[in-house]
Amino acid sequence: MIFTRTLLKRHSVLPGFDLALGFALLYLSLIVLIPLSAAFLKTATMTWPAFWEAVTSPRVLASYRLTFGASFAAAMVNAVFGLVVAWVLVRYEFPGRRLVDALVDLPFALPTAVAGIALTAIYSTNGVIGQWFAPWDIKIAFTPLGVFVALTFIGLPFVVRTLQPVLEDLHTELEEAAATLGASRWQTFTRVIFPIITPALLTGFALAFARALGEYGSVIFIAGNMPMVSEITPLLIITKLEQYDYTGATAIAVVMLVISFLLLLLINLLQAWARKRQGG
């Protein structure tokens, strides 16, 4: 028995740890570390006053506010309604359930440019949905509200697909036991179910938020791209690259990377705290 285990370990299909680790680090370096380090190295050629001027101009600050604000708001909305969608798909059987489950993945399969054109057509003043808001002088397409709609559209699958496995593993016996002890539905959800799904919910929120920060294709069509109004930061970076302002583009990109990393680090710390509290 021991000989068999040793033989299987030595003749594993996958390479040994050292070789596998080397390939993993090489691949990670080529795909992630080297491109990111190139952005930092290019930015390092700037003087501090030039860097500060590039990343704090009024136009750039306006793009930060729109990008991070709309991304955060969209991720929050997806966290709420993504939980509802995941709960319905897991807990209920109804006609068309498989179709609804497949439609959740539509933002994954749909090219971003196609999604942007479709959203623009739907939410314009003469679109299927936008025409109902026109009498109240509410414009969705070509406004910051349109950016929020697009980011909500592309972020929903991350929350739903993250929560579904957790909800499927959540035994109904826990809810039945809580009901037996006299807990109301709201108490059962807040004290029994929600603490269990909180880490997964935070993970889905983080994924949706990170995806929204870097979204470009589905936003530029519906945003209108008006400087100081509806211009997102990724578009501003592309604009500077087209103007051959490479250092300015990388400077803005570095700020986006640092802020995104800090926010995701905070979310990961919240996840660890939730898991620790749940385990305690």
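The values are calculated or read from the model by the stated rules, or taken from the named source; none is laboratory data. This structure is a prediction, so every number in the text was calculated from the model and none was measured. Cβ atoms come from the backbone with ideal geometry, glycine included; neighbour counts cover every protein chain shown. The area values use the complete protein model at the heavy-atom level, side chains included, leaving out ligands, DNA and RNA. Shrake-Rupley method; radii C 1.70, N 1.55, O 1.52, S 1.80 Å.
The table for this structure:
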quantity	calculated
Tally of residues being of a type in the set (F, W, Y) and open to solvent by 70 Å² or more (accessible area, probe 1.4 Å) across region 68-111	4
Condition met for A141 (open to solvent by less than 30 Å² (accessible area, probe 1.4 Å), touching a residue at least 12 places away in the same chain (Cβ under 8 Å), part of a helix (DSSP H, G or I) and not hydroxyl-bearing (S, T, Y))	no
Any pair with Cβ under 7 angstrom, 6 or more apart, that starts in region 52-67 at a residue that is within 17 Å of T143 (Cα to Cα) and ends at one that is part of a helix (DSSP H, G or I) and open to solvent by 40 Å² or more (accessible area, probe 1.4 Å)	L66/P144
Region 222-234, subset crowded, with 18+ Cβ neighbours inside 10 Å and of a type in the set (A, V, I, L, M, F, W, C), residue nearest to the chain's Cα centre (by Cα)	I232
Positions within region 223-233 being in a loop (DSSP other than H, G, I, E, B) and farther than 15 Å from P58 by Cα, in sequence order	G224, N225
Residue among L241, L236 that is in a helix (DSSP H, G or I) and more than 26 Å from Y123 (Cβ to Cβ)	L241
Residue in region 198-214 that is within 23 Å of F261 (Cα to Cα) and in contact with a Pro (Cβ under 7 Å, 6 or more places away or on another chain) present	yes
All positions within region 220-256 that are of a type in the set (S, T, Y) and farther than 20 Å from T45 by Cβ	S230, T233, T239
Top-ranked residue of region 235-275 - restricted to ones that are polar (S, T, N, Q) and surrounded by 15 or more Cβ atoms within 10 Å (Cβ to Cβ), ranked as nearest to I34 (Cα to Cα)	T250
G204 over 24 Å from I122 (Cβ atoms), open to solvent by less than 10 Å² (accessible area, probe 1.4 Å) and not basic (K, R)	yes
Test: L30 is farther than 17 Å from D245 by Cβ, without any contact (Cβ under 8 Å) to a residue 60 or more places away in the chain and open to solvent by 100 Å² or more (accessible area, probe 1.4 Å)	yes
Residue in region 187-198 that is assigned to a loop (DSSP other than H, G, I, E, B) and surrounded by fewer than 21 Cβ atoms within 10 Å (Cβ to Cβ) present	no
Verdict on V219 being within 23 Å of P58 (Cα to Cα) and buried (at least 18 other Cβ atoms within 10 Å of the Cβ)	yes
Residue that is in contact (Cβ under 8 Å) with a residue 24 or more places away in the chain and closer than 19 Å to L156 by Cα, where the choices are L236, L257, L207	L207
